[in-house]
1. Could you check, for the range 80-103, whether at least one of its residues is free of Cβ contacts under 8 Å to residues at least 40 places away in the same chain, assigned to a helix (DSSP H, G or I), closer than 30 Å to Glu182 by Cβ and open to solvent by less than 80 Å² (accessible area, probe 1.4 Å)?
2. Just give me the residues in the range 104-137 being open to solvent by less than 80 Å² (accessible area, probe 1.4 Å) and closer than 30 Å to Val174 by Cα, in sequence order.
3. If we scan the range 72-79, do we find a residue that is open to solvent by 100 Å² or more (accessible area, probe 1.4 Å), closer than 30 Å to Leu178 by Cβ and not hydrophobic (A, V, I, L, M, F, W, C)?
Amino acid sequence: MTGAAPVLAVSGEDGGFWADAYPIIPHPAEIIVGLVAFAILYWIVRSKVAPAFERVLAERQDAIEGGMSRAEEAQAEAQRALEEYRAQLAASRAEAASQREAARQEGAVIVAQMREQAQAEAQRITAAARQQIEADRQQAFNELRTQVGRMATDLAERIVGESLQDDERQRRVVDRFLADLEQGRTDGAGAGATAAREV
């Protein structure tokens, strides 16, 4: 019994009955100090820290919403740009197609003009060639007529035995001789007899 007294005395000095009965429960003074400290801490957090957190949270929310709105605006702008690009591409394709069609039509017109020019040039060359051929034929005919006339005159002079220097008589002889040649009477004697009769 004497051994238990010092323990009670010590216990009584430190906290009395309250500490002896419930060693887990803090002392009432500690509770009051803890409540005051909690109230001060709550007031600091409520007045200083929470508004800062709310401000940061609001800023982040605004930033996120602004970023989303900017992303939506950027997406809408990109969509508008894409539609504008597609419209410009379609317009460019239509313009290129119209230019190709115009170039094709212009090429067809140029080909037709070149064909007409070529045909006109060919006709001109053909007409010139025909004129040249006709001139050459006429020249050859005149030369042949002259040579045949001399031959007929010489032949008639030999047959008749007199000179045929008269131009009118010579022309008649030559014309008659050529007429006989054209009719197929190319016999020398027959032609000479005819020329003699003309004399």
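1. Pass one, the range 80-103, residues free of Cβ contacts under 8 Å to residues at least 40 places away in the same chain: 80-103.
The next check asks that each one be assigned to a helix (DSSP H, G or I); those that pass are 80-103.
Narrowing further to those that are closer than 30 Å to Glu182 by Cβ: none.
The answer is no, given that none of the residues of the range 80-103 is free of Cβ contacts under 8 Å to residues at least 40 places away in the same chain, assigned to a helix (DSSP H, G or I), closer than 30 Å to Glu182 by Cβ and open to solvent by less than 80 Å² (accessible area, probe 1.4 Å).
2. Once the filter is applied, which keeps residues that are open to solvent by less than 80 Å² (accessible area, probe 1.4 Å) and closer than 30 Å to Val174 by Cα, the range 104-137 yields Ala135, Asp136.
3. no
For (1) among the hydroxyl-bearing types (Ser, Thr, Tyr); (2) at pLDDT 90 or above; (3) within 53 Å of the chain's Cα centre (by Cα), each residue gets a yes or a no:
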| position | (1), (2), (3) |
| --- | --- |
| Phe17 | no, no, no |
| Val36 | no, yes, no |
| Lys48 | no, no, no |
| Phe53 | no, no, no |
| Arg60 | no, no, yes |
| Ala63 | no, no, yes |
| Ala76 | no, yes, yes |
| Leu89 | no, yes, yes |
| Ala102 | no, yes, yes |
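The values are calculated or read from the model by the stated rules, or taken from the named source; none is laboratory data. Bear in mind that the values here come from a model prediction, so they are computed numbers and not experimental data. Positions of Cβ are backbone-derived with ideal geometry, glycine not excepted, and every protein chain shown enters the neighbour counts. Keep in mind that these areas ignore ligands, DNA and RNA; they rest on the heavy atoms of the full protein, side chains included. Shrake-Rupley method; radii C 1.70, N 1.55, O 1.52, S 1.80 Å.
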